[in-house]
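Let me begin by presenting the structure, written as C-alpha cells, before commenting on it.
Laboratory data are not the source of any read-out in this text; all were calculated from the coordinates shown. Just so it is clear, the model here is predicted, and its values are computed rather than measured. Cβ: placed from backbone, ideal geometry, glycine included. Neighbour counts: every protein chain shown.
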Amino acid sequence: MPIRKDWIEYNPANINQVAEKDGVVELGDAEKNIVFIGSGTNLRKLLQDHMDGAERFEKAKFFRFEEHFMYTVRESELIQQFTRLNQRLPEYNEELF
C-alpha cells in the first residue's frame, strides 16, 4: 500500500515540522510524480540532507512521509510497488544503483 498522505511543499519550513523519527519518505516532482523513495532513522534529517543536496534532487518539489519502525522493510515495499506499476525505479533511486 502506498503512502496515503497529502503531498507537502518541499521547503525548509515544512521539513522542520517533520518528526525526528524512523520512517520513509517519497519525493515528488512538480506534478507530484514520485522521483525518490527513501528511509532512515530520522525523517527530518533525511529530508534536510536531500534538501542540502538540492542540485542532485532538483526536481523534488513535494514530499510525503510515514513514520514506521520497520522503515527499511517499508521502503523496500514502496520501491517494489512503484517498480511493478512503472517497470522502473524512481528516477533518483536509479542513480543510486
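Condition check ((1) of a type outside the set (S, T, N, Q); (2) buried (at least 17 other Cβ atoms within 10 Å of the Cβ); (3) free of Cβ contacts under 8 Å to residues at least 24 places away in the same chain; (4) not in a loop (DSSP other than H, G, I, E, B)) across all residues:
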site	(1), (2), (3), (4)
17	no, no, yes, no
21	yes, no, no, no
31	yes, no, yes, no
39	no, yes, no, yes
59	yes, no, no, no
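Just to verify a result, which residue in the range 61-97, among those that are of a type in the set (D, E, K, R) and closer than 20 Å to residue 16 by Cα, is surrounded by the most Cβ atoms within 10 Å (Cβ to Cβ)?
Applying the filter and picking the extreme gives 64.
Residue check: is residue 60 of a type in the set (Gly, Ala, Ser) and under 13 Å from the mean Cα position of the chain (by Cα)?
yes
Checking the structure you have, find out if any residue of the range 69-81 is in contact with a helix residue (DSSP H, G or I) (Cβ under 8 Å, 6 or more places away or on another chain) and of a type in the set (Val, Ile, Thr).
Yes: the range 69-81 contains one or more residues that are in contact with a helix residue (DSSP H, G or I) (Cβ under 8 Å, 6 or more places away or on another chain) and of a type in the set (Val, Ile, Thr).
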